[in-house]
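Peer 1: The structure under discussion is supplied below as structure tokens; questions concerning it will follow.
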Amino acid sequence: MSGNPDAGPPPKAAVSGVRVGVGLLVAVVTVLVVLLDGLLGTKDSFRSSAPGTGLLLALLSAAAVRELCAMLAAAGVETLPGYASGATFVLLATRALAPALGVRPGDAAALAEAGLLLAVLGPVAARIALRPKPEEGKPVELPNAADLRPVAGTAFALLFVHVPMALLLELRLATAVAGMAGPVPAGLVLATMAAVTCKVGDSAAYFVGKTVGRRPLCWVSPKKTWEGAVAGTLVGTAAAAALGASFSLPLRNGLAFGLVVNLAGQGGDLLESWLKRCCGLKDSGATFGEMGGALDVVDSLLLAGPAGYLFHRIVLS
């Protein structure tokens, strides 16, 4: 028997108060860290480093890499989770703090790039160096696919999370932006704009999608709607531009930066949703309650970080 055609669409799900509360708490902590970096950035010794935001990115990245390794394990892909998360934290924290210790910024960036290569190849070198010697009279056991799987899985985890977050950190460490002047480091403003356009936009998309959203956006994330995506783009772009304008960034540059990074952030969100579907999971973890895990929190930054960094290098510097 068919339903009443005049009944209208089903009621929309209520906005989660727990999710809103956790989101506000995360936002407050992030704002405090950004303010700390802003204060330290006025001192010459910390001008080219990121003691607060850099360590925050390192911690979030390490947690996200560990969660990704657990997701891959659920899908049957072997990894080295402790090694991968530890390498991510050490590399990002070192890059963020090295200039404050007297290392020239260019040298610190080069060391970070070389360190990532060594981190990816480290498990291979360890398996070669630590392979047990064969017993006398027995043939040497050659490596096989079982040796390759955890190395490949670990490399994927590092590249999927570490590289985007490293580019976001490079954006944070940027020192020269045309049209911007003041005691607050320009890179701190740009990195904060990137986070703001993604997270404010994501919040707007969540509220609009929950209340008036009707048209599904993409099959990998059925709860996302076109209405929410458009609202998130508009609100996130405006928020980023307003923040940039308050630090003397020309409005047209702030709008363009916010739009590019916001759209990239929505792509990063869908990218992580696809990966979770591949692994048969709803959330990457439960670190932040209903918001999910650390990877769920930084998912939009997986593409937004590289997009913001490239926009700065090509357009703003």
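Peer 1: Taking the simple approach of a point 7 Å from Cα along Cα-to-Cβ for both ALA286 and ALA74, what is their distance in nm?
Peer 2: Label at ALA286, label at ALA74, 1.2 nm between them.
Peer 1: If each DSSP helix of 4+ residues adds -39,500 (n - 2.57) and the sum is divided by the residues in the chain, what number results at 222 nm, nearest 500 deg cm²/dmol?
Peer 2: For the chain, the value works out to -22000 deg cm²/dmol.
Peer 1: Any idea how many Lys pairs in the chain come in under 23 angstrom at the alpha carbon, given 8 or more places apart or on separate chains?
Peer 2: Step by step, the pairs that qualify in the chain add up to 18.
Peer 1: So, by mean Cβ neighbours within 10 angstrom, what's the order for 172-185, 199-212 with the highest one leading?
Peer 2: Ranking, from highest mean packing down: 199-212, 172-185.
Peer 1: Now, a different point. Give me the distance between the Cα centres of region 54-90 and region 294-317, rounded to whole Å.
Peer 2: Here the answer is 19 Å between Cα centres.
Peer 1: Do you know the relative contact order of the chain, to the nearest whole percent, from alpha carbon pairs under 8 angstrom that are 6+ apart?
Peer 2: The value is 21 percent.
Peer 1: Please compute the modelled spin-label separation between TRP219 and LEU148, points set 7 Å along Cα→Cβ, answer in nm with one decimal.
Peer 2: 3.0 nm
Peer 1: Determine the gain in length on full extension of the stretch THR211-ALA110; use 0.36 nm per residue of separation and subtract their C-alpha separation, reporting nm with one decimal.
Peer 2: Between THR211 and ALA110, full extension yields 31.6 nm more.
Peer 1: Moving on. Can you tell me what the convex hull of the Cα atoms of region 59-192 projects to on average, as an area in nm²?
Peer 2: 10.7 nm²
Peer 1: A follow-up question, please. Let me test this: with uniform point scatterers at the alpha carbons of the chain, what is the Debye-based log₁₀ I(q)/I(0) at q = 0.11, 0.14 1/Å?
Peer 2: At q = 0.11, 0.14 Å⁻¹ the computed log10 ratios are -0.72, -1.08.
Peer 1: Subtracting the Cα-Cα distance from 0.36 nm times the residue separation, let me have the gained length for LEU118 to TRP226 in nm, one decimal.
Peer 2: Gain on stretching LEU118 to TRP226: 34.6 nm.
Bear in mind these aren't lab numbers, they're just calculated from the coordinates by the rules spelled out. Not measured: the values here are computed from a predicted model. All Cβ positions, even for glycine, are placed from backbone atoms using ideal geometry, and neighbour counts span all protein chains on display.
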